[in-house]
Structure formats: structure tokens, C-alpha cells
1. What is the number of the single condition among (1) closer than 28 Å to Ala290 by Cβ; (2) of a type in the set (Lys, Arg); (3) crowded, with 19+ Cβ neighbours inside 10 Å that Arg413 does not meet?
2. Taking helices (runs of 4 or more DSSP H) that fall entirely within the range 45-120, which contain at least 2 residues that are open to solvent by 40 Å² or more (accessible area, probe 1.4 Å), hydroxyl-bearing (Ser, Thr, Tyr) and over 17 Å from Ala142 (Cα atoms)?
3. May I ask you to list the residues in the range 413-430 that are within 13 Å of Ala298 (Cβ to Cβ) and outside any helix (DSSP H, G or I)?
4. Can you pull out the residues in the range 270-307 that are modelled with pLDDT under 95 and buried (at least 22 other Cβ atoms within 10 Å of the Cβ)?
5. For the range 374-400: of the residues being over 21 Å from Leu314 (Cα atoms) and among the charged types (D, E, K, R), which is surrounded by the fewest Cβ atoms within 10 Å (Cβ to Cβ)?
6. Which condition number in (1) under 15 Å from His308 (Cβ atoms); (2) open to solvent by less than 80 Å² (accessible area, probe 1.4 Å); (3) part of a helix (DSSP H, G or I) is the one that Glu368 fails?
7. Would you mind stating whether Arg180 is in contact with a strand residue (DSSP E or B) (Cβ under 8 Å, 6 or more places away or on another chain) and open to solvent by 60 Å² or more (accessible area, probe 1.4 Å)?
8. Here are some conditions: (1) open to solvent by less than 20 Å² (accessible area, probe 1.4 Å); (2) more than 20 Å from Met66 (Cα to Cα); (3) touching a Phe, Trp or Tyr at 6+ places or on another chain (Cβ under 9 Å). Thr187 meets all but one. Which one does it not meet?
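The values are calculated or read from the model by the stated rules, or taken from the named source; none is laboratory data. Every value quoted in this text rests on a predicted model; they were computed, and no experiment measured them. Neighbour counts are summed over all protein chains in view; Cβ atoms, including those assigned to glycine, are modelled from backbone coordinates with ideal geometry. In case anyone asks, the SASA skips ligands and DNA or RNA and just uses the protein heavy atoms, side chains included. Shrake-Rupley method; radii C 1.70, N 1.55, O 1.52, S 1.80 Å.
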Amino acid sequence: MRFATCVGCTFAAADPENRTRNLTPVTARDTRAYYGHHLTLINVDAQMRQARNNDRAAVYALGHYMGTIGDLSGMLAAGRGAGAPSPSSQASSLLDLIRQRYPNDVEAIAQAQKMVDATRGDEPALERTRTMLTAATVEAAAADRRTFERAFLHARNSVDDLASVAIALSSAGSNALADRIDTGLATAHQLGLARISLVRDFPIALVGYGFSRVHSDVRARLLPLDPTRDTEQLPLIAVDADTEGLLIEVDPLILWHFCLVNGWTSRWSTAQEPTPEEARAWVLDTSFSAVSTDAADAIRRVTHVWSHLLMHALAYHSSFSANSVGEYLLERAASTLIFVAKFNSFNLGALGALAEQHLRLWLMDAAEAAASCVHDPVCLAERGGCHKCLAVAFGCERFNRGLDRGYLVGGGRLAIQEGFLHTAARLARR
């Protein structure tokens with residue numbers, strides 16, 4: 001390694017006294033070193049890219065999150081050019097005949113309509129999805145890559161719901177392990193988490209595009225990689241890896257109650273509370289809204305805080321520290337995907353073992369960590385979170401911005417009336 005005098009560098013040019021500066025060697029994770037900036041993408045195949053170009057793909061992706069669409073094979077077929085199936089002419093003729101002769105027979109008309117819908121494939125479910133969402137949400141989702149990426153993971157059968165894993169283990173005779181998972185999932189519901197799924201094959205790609213200092217303020221001016229001399233094009237350095245992850249979804253219904261009690265959303269117009277499908281549609285409409293609202297901020301920040309708490313709690317129940325995993329935020333769907341940040345083709349399955357063996361303890365430790373910090377009361381009252389309780393050094397997609405434990409426990413600098421965890425506990429007692 002060579003030491004050199006810095007004369008024409010950026011730092012020397014910005015120094016009015018033109019003092020001599022030396023270039024000194026630093027370690028890769030020294031706080032004075034340059035950090036690379038990169039995009040984290042799910043490395044999808046050609047079939048998935050074709051599906052995204054179809055105008056119905058966004059509705060498939062949104063419907064799968066809402067629960068109106070269970071099978072995504074139709075999305076892949078649409079990507080190959082398959083159109084919407086035509087209804088049976090005989091069933092349609094029968095429906096028209098019943099409507100003409102028996103216009104007041106609601107039951108007969110409904111049965112005939114079911115016969116017609118059964119011949120239309122996914123179209124009735126797609127229509128139902130569209131009616132539950134605003135047109136602006138569907139349009140915005142069509143331009144959101146991560147909405148499709150979530151659907152792509154499910155379409156390629158990379159995601160295993162832990163509830164289904166427990167059923168399979170019980171059927172195979174592993175009742176003790178299945179009971180552990182069920183106990184952990186019951187704890188998850190009490191803490192306001194709707195679903196936890198294991199992503200056994202998580203194909204990520206890191207695309208580097210520049211570097212900056214470690215600071216998140218104006219000192220972190222992004223310096224792009226040097227363009228090539230021949231073409232003047234910006235080089236993009238990509239590294240792909242197949243790793244594993246855990247997909248955690250925050251309960252949309254509890255999110256709605258949480259926003260309601262804090263005055264960030266209005267009461268449901270048709271019932272005391274929305275159905276699970278309606279609550280998921282509310283999350284999508286709120287998070288995709290062109291105008292940011294307090295409710296949209298709450299959805300994003302509850303998801304983000306949960307993500308960091310779970311990352312920190314890994315150190316107590318696995319071989320991973322908070323700095324050896326990363327987060328892939330799907331905040332518009334109130335979800336986060338915590339994955340092992342490694343770059344090789346070997347998958348050890350450690351996160352899967354954690355979810356099967358220690359799910360309850362992991363979740364409880366993460367929730368308890370939200371209640372206090374060694375820097376309280378300053379941390380919660382003035383900042384909402386710090387490096388001791390929430391911030392991570394390398395795996396945060398938002399540079400640790402927007403983290404506030406007050407969203408989970410209440411109070412804090414925003415004076416939140418009721419924290420999300422308290423809302424979840426209150427509803428669990430109903």
C-alpha cells in the first residue's frame with residue numbers, strides 16, 4: 001500500500017488554507033472510508049419480466065396480497081400472451097334466460113352467475129380486486145417494481161407460509177416441531193404480525209452505481225463511478241446470489257385500528273371495522289396514495305421499526321448479527337423481508353431453523369427491545385431511535401432514517417397516543 005500527498009483532491013480544493021493532506025489507508029469498514037451505494041433487486045427470470053409487461057399483472061400482484069387471488073399461474077400465462085378466457089356461451093345463455101323469466105329470483109340468478117364465473121378463470125377475482133381498490137392505486141402499483149417482486153417470489157414457489165409448514169410437519173409426525181411453530185405464530189398474532197413465511201430461495205442482485213462518505217446529510221454527496229473512456233457510459237457492477245430470508249407481514253387490520261385510535265384515519269363506513277380483505281385494500285390505497293398522509297407514514301414506519309428490531313434480535317437466537325443480514329422493505333404491503341447478506345450459492349438454512357425452532361423467543365425479544373433503550377429517555381423523547389436500539393450499520397435501505405420506537409410503544413417525540421404493540425394487545429383480548 002502506498003502513501004501519497006493529496007494535492008488536487010476534493011478535500012484539498014475545498015480547503016481555503018490549502019493545507020497539505022495525506023492519503024492514509026483505512027479498513028473496509030472504517031468510519032472514514034468510502035461506502036459503496038448499490039441497488040438491491042430480486043433477480044427475476046425472463047418469464048417474470050414478460051409477465052410484468054402485461055396490463056393485468058399489477059392486479060394479479062395486488063390481489064395476491066389482498067387474498068382475492070390465490071394462484072398466480074394466470075399471471076405467468078398472461079406474460080406468455082394468453083388472454084382472458086371467454087365465458088361459456090351455454091352458461092351465459094342460461095343466465096340471460098333466468099334474468100328474463102325470473103327477475104326476482106335472486107338465488108337462482110346468483111347460482112347461474114357462479115356457473116358463468118366458473119368458466120372465466122381468474123377474471124371474476126381480478127374484477128373484484130379492481131373494485132376494492134382505487135384506479136390510482138392500480139396505476140401506481142403498475143410502476144412499482146417491488147409489488148411485482150413480491151408476487152414473483154410466490155409465483156416461482158419460493159415462499160413457504162410457516163402455518164403450512166407446521167401442517168406439513170404435523171402430517172409427517174413431527175408434532176413437537178409443528179407445535180413450536182404454531183406457538184410462535186400465535187405470539188406473532190398477539191404482537192400484530194399477520195403472516196411469517198420462509199423464503200428458501202431468495203435470488204438477489206446487488207447493483208453498484210457509486211459511492212459517498214458514511215454521513216447521511218449534505219456530506220454524503222453521491223459520486224458516480226467513472227464512465228468508460230470509449231463509450232462514456234456509466235458502468236454498473238452487479239453481484240448476484242441465492243440466499244434465504246423471512247418474509248414478515250404486519251397485520252393490516254391492526255394497522256387500521258392503530259391509525260384510527262391515533263386519529264390518522266376515519267371510521268369504516270359500512271361496518272364497525274373492515275374485513276381482512278378490505279383492511280389489506282386500505283393499506284394499499286393508503287400507501288400508494290399520491291399525497292402522503294399520517295396513516296401512510298405509520299404503515300411505513302411500523303414496518304421499518306419492526307424490521308430493525310427483528311434484525312437486532314437475531315443475535316440472541318442464531319449465528320447472525322444485525323450486520324450480517326439485510327432488509328428488503330415492501331412497505332407498501334406493510335411487509336419486510338430479512339435475508340442473509342452473503343454472496344455465494346450455498347444456502348445453510350439457518351433462518352429456516354430459527355423460524356422453526358425459536359420463533360416465539362425471537363419475536364418476544366424483538367418486541368421487548370422496543371420498550372426501552374440504554375439512552376432513554378433522550379432516545380425515545382428526542383430521536384425515536386439510536387444505534388443502541390434500532391440503527392444498523394450496513395443493512396438498512398433507508399440509511400436508518402424514519403426510525404421511531406414511539407410508533408410501537410407510544411409517546412416519544414411525536415406524542416403518539418397509543419403504540420402499535422398496545423393496539424395489538426388490546427385487540428388480542430377481545
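1. The one condition Arg413 does not meet is (3).
2. Details: elements: 46-52, 57-66, 73-79, 89-101, 106-118.
The qualifying helices (runs of 4 or more DSSP H) are 89-101.
3. Passing the criteria: Leu414, Ile416, Gln417, Glu418, Gly419.
4. none
5. The residue in question is Glu382.
6. (2)
7. Details: in contact with a strand residue (DSSP E or B) (Cβ under 8 Å, 6 or more places away or on another chain): no; open to solvent by 60 Å² or more (accessible area, probe 1.4 Å): yes.
In short, no.
8. Every condition holds for Thr187 apart from (3).
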